[in-house]
Amino acid sequence: MTVLGRGDVLVEGAGELCEGPCWDARTGTFVWVDILAGRVHVVDPVTGRRDEHRLGTPVGAVAARRSGGWVAAVERGFLLLDEDWMPVGEVLPAPGQPDGTRFNDGGCDPAGRFWAGTLAYDGRAGVAALYVLRPDGVVTEALSGVTNSNGLAWSPDGCTLYYVDTGRGTVDRLDVDPASGVVAGRRTLVAVPEAEGLPDGLTLDSEGYLWLALWGGGCVRRYSPAGELDRVVRLPVELVTSMAFGGVHLDELFITTACDGLTPEQRAKQPMAGSIFRHRPGVIGLPAAAFAG
């Protein structure tokens with residue numbers, strides 16, 4: 001087991017609910033969101049320079065666009081943005097999104113579609129969904145009956161989707177038709193006992209192993225393609241939200257955490273909660289896919 005500490009902090013006090021991490025290979029910067037604050041943060045891990053962009057609405061995830069700029073999963077749908085993080089057009093609504101829900105985690109598949117799912121503010125079970133934004137701007141529902149749509153990762157060929165519904169406490173594996181994006185054959189790959197934490201963000205490395213953040217579990221776990229626990233990276237904070245590979249050689253694992261909901265006493269005991277950590281795990285990640293729209 002690897003244990004991280006203050007020396008592994010890249011950005012201290014990075015936000016209340018840091019999530020949606022991604023590496024921008026175009027600029028050599030690491031990007032994350034502070035969901036409820038509606039802010040996107042960008043840091044150069046070499047120089048330490050930081051920039052902040054306020055979207056004016058909760059934002060669960062962002063991804064680069066092949067044509068330049070960004071796409072974001074915001075509270076009530078999808079939003080295209082230019083290189084300066086200014087909106088390009090109106091929010092593209094998700095069909096049938098219930099009131100009282102917001103978008104959460106998301107990411108792009110190898111075909112260039114942007115996927116993101118929702119959750120209910122009050123934690124209601126089964127009212128959320130996983131949606132897909134196609135390059136032509138059409139939004140469709142991929143999965144219904146979701147409680148807390150979270151981490152997503154794809155095999156390089158785009159035929160397999162790894163998916164976390166935190167409400168189930170599982171990492172599931174689904175078959176994907178690369179051409180249409182239709183999913184089928186959902187089955188559980190990893191089930192995490194609630195006492196060990198709640199599955200949250202997810203990423204895949206170049207060896208096909210899954211990296212899973214555990215909210216309330218204070219760690220990141222690496223699982224084999226067969227769902228067997230391979231290693232644990234423990235952090236000095238409880239609320240670990242997600243992670244993404246980055247750096248010039250994709251050999252650095254950037255880990256997001258949160259302090260949202262912690263009591264003053266808990267914050268005092270976890271002064272690094274809400275920080276961004278950097279870990280070199282000895283394996284490399286996969287290049288992040290970009291949105292084709």
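Tabulated results
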| item | result |
| --- | --- |
| Accessible surface ranking that places the most exposed of HIS53, HIS249 first, with a 1.4 angstrom probe | HIS249, HIS53 |
| Whole-percent carbon and sulfur share, accessible surface of the chain, 1.4 Å | 51 percent |
| Packing-based ranking, highest mean first, of 81-88, 218-225 given that Cβ atoms within 10 Å are counted | 218-225, 81-88 |
| Efficiency of FRET between GLU90 and ASP51 - r from beta-carbon atoms, R0 25 angstrom, step 0.05 | 0.50 |
| The chain: most fluctuating residue of LEU161, LEU119, LEU198 per GNM, C-alpha cutoff 10 Å | LEU161 |
| In sequence order, calculated HN-Hα J values of segment 285-293 (Karplus, 6.51, -1.76, 1.60; Hz; x Gly/Pro) | x, 9, x, 6, 6, 10, 6, 7, x |
| Pairwise centroid distance, computed over Cα atoms, of segment 248-292 with segment 108-152, Å | 22 Å |
| In segment 98-178, chymotrypsin sites (Phe, Trp or Tyr not before Pro) in a DSSP loop with at most 15 other beta-carbon atoms within 10 Å | TYR121 |
| Pairwise FRET efficiency - ARG186 versus SER67, Cβ, R0 = 25 Å, nearest 0.05 | 0.15 |
| Computed [θ] at 222 nm, deg cm²/dmol, the chain (DSSP H ≥ 4; -39,500 (n - 2.57); rounded to nearest 500) | -500 deg cm²/dmol |
| Solvent accessible area, Å² - ILE276, 1.4 Å probe, full protein context | 0 Å² |
| Calculated diffusion of segment 168-293, Stokes-Einstein form, Kirkwood radius summed over Cα pairs, 37 °C and 0.692 mPa s, µm²/s | 209 µm²/s |
| Per-selection Kirkwood Rh - segment 1-108 (Cα, Å, 1 d.p.) | 14.7 Å |
| Value in Å of the Kirkwood radius, where the chain supplies the Cα pairs that are averaged | 18.6 Å |
| Per-peptide average of other Cβ atoms within 10 Å, ordering 18-25, 201-208, 238-245 highest first | 238-245, 18-25, 201-208 |
| Segment 44-184, Rg to Rh (Cα coordinates; Rh as Kirkwood inverse mean 1/r) | 0.97 |
| Per residue, in Å², the accessible surface of segment 83-189 once ligands and nucleic acids are set aside, probe 1.4 Å | 41 Å² |
| Extension gain from CYS159 to ARG124, taking 0.36 nm per residue of separation minus the Cα-Cα distance | 9.5 nm |
| Using distinct alpha-carbon pairs, which all enter the 1/r mean, Kirkwood radius of segment 102-241 in Å | 15.1 Å |
| Packing-based order for 144-151, 257-264, using average beta carbon neighbours within 10 Å, highest first | 144-151, 257-264 |
| Residue-span extension gain [GLU141 to ARG280] - 0.36 nm each, minus C-alpha spacing | 46.4 nm |
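The values are calculated or read from the model by the stated rules, or taken from the named source; none is laboratory data. Because the structure is a prediction, the values reported are computed rather than measured. Note that we place each Cβ from the backbone using ideal geometry, even for glycine, and neighbour counts take in every protein chain shown. Accessible surface areas use protein heavy atoms only, side chains included; no ligands, DNA or RNA. Shrake-Rupley method; radii C 1.70, N 1.55, O 1.52, S 1.80 Å.
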